[in-house]
Every structure is written in C-alpha cells, then in structure tokens.
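For reference, the structure is listed below as structure tokens.
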Amino acid sequence: MVSRTGTVLYLNPDGMLWEGYLKKTGKFNKSRQKRYFRLVQKPLQLWYYTSDKTAKPKGQIDMFDSKGRPNQIIIKGTKMDIKTEGRVYHIEAESEEEMKTLNTVIAINRSKELAAKKKADLKPKEGSSCGSSPKGSGFIKV
C-alpha cells in the first residue's frame, strides 16, 4: 500500500527504495506539477511519473554524474535542488519530515554505491600482475 506521503521501502525486491508524491518544476513550464516519484537503485535514480497508476516513467534524475561522482543536492526546508550535468531539478515535498526522509534514503544509498565502486576499483584487474610492468600500465618498474 502506498500512502500519499513518502514511503520508505528498504527491502523492496524491485530495487525500489522510496516512493511518494512530490512537486517538480518543469524544464520549460515553470509551474510546479505534482508527480509520483520512485527512488530506485543500481544505478541510483529518482524516476518520476504522471501518477502512481502510470507504468512508464516520464523522466529520471541521476544521483551520480557521468564520471561516477555524486550530483550536488541542496535542501532548504521542504525543497530540494538536484544539480545534474544538464539541468537543475527543483523538487518540493509536503513536509520537512518527508524531505528529510527522502534525503536520508538518498544519502545512505549514495554512500553504499560509492563504497561498492571504491571496492571494485581496489580489486586487481583481470590479467594484471603486481610483479610486472606492462607498457602503459601506470607502474614504473624499479
């Protein structure tokens, strides 16, 4: 059951972490439109729909840029600005509590995703060897 305010879904098998209604300012139409949002993982994105009955997302907001760095999020009361590479998304919740909940779920899952990326970066690449120095590897054999 989905309430009209945000619902935290930590263990949802679909990879959904949060869902609820928020208001979003359009790219061209600057009036706030009520949209149904879902925070999904792998990759961490905020999908938005016309309503909770709509199957296909109207759009998505990436929580990381193309280089894997977290996009900047600014919170002021009930409002959230997400700065992506191509746009700033302006989102508003009905209450500060709802916005804090959404921000907390985003922060926890961005940290998890960053930790997983760091762990993957630390693993030796297939076919690489610590004892050799193939040309262009970035290592200097002494």
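Side notes on the structure shown:
- K112 being out of contact with any Lys or Arg (no Cβ under 8 Å at 6 or more places or on another chain), outside any loop (DSSP other than H, G, I, E, B) and open to solvent by 70 Å² or more (accessible area, probe 1.4 Å): yes
- Residue list for segment 83-106, filter: in a helix (DSSP H, G or I), among the hydroxyl-bearing types (S, T, Y), in contact (Cβ under 8 Å) with a residue 12 or more places away in the chain and surrounded by fewer than 16 Cβ atoms within 10 Å (Cβ to Cβ): none
- For segment 49-63, the tally of residues that are open to solvent by 20 Å² or more (accessible area, probe 1.4 Å) and not in a loop (DSSP other than H, G, I, E, B) stands at 2.
- Subset tally (residues that are of a type in the set (S, T, N, Q) and under 12 Å from the mean Cα position of the chain (by Cα)) for segment 31-45: 2
- Here segment 1-20 is the region considered, the condition is being modelled with pLDDT of 60 or more and part of a loop (DSSP other than H, G, I, E, B), and the residue that is surrounded by the most Cβ atoms within 10 Å (Cβ to Cβ) is G6.
- Flag for S66 being farther than 15 Å from W18 by Cβ, open to solvent by less than 60 Å² (accessible area, probe 1.4 Å) and out of contact with any Ser or Thr (no Cβ under 6 Å at 6 or more places or on another chain): no
- Residue within segment 21-35 that is in a loop (DSSP other than H, G, I, E, B), free of Cβ contacts under 8 Å to residues at least 60 places away in the same chain and under 21 Å from K117 (Cα atoms) present: no
- Qualifying residue in segment 72-82 (condition: touching an Asp or Glu at 6+ places or on another chain (Cβ under 6 Å), part of a loop (DSSP other than H, G, I, E, B) and open to solvent by 80 Å² or more (accessible area, probe 1.4 Å)): no
The values are calculated or read from the model by the stated rules, or taken from the named source; none is laboratory data. All values derive from a computational prediction rather than experimental measurement. Positions of Cβ are generated from backbone atoms using ideal geometry, with glycine treated the same way; all protein chains shown enter the neighbour counts. All accessible areas refer to the heavy atoms of the entire protein, side chains included, with ligands and DNA or RNA removed. Shrake-Rupley method; radii C 1.70, N 1.55, O 1.52, S 1.80 Å.
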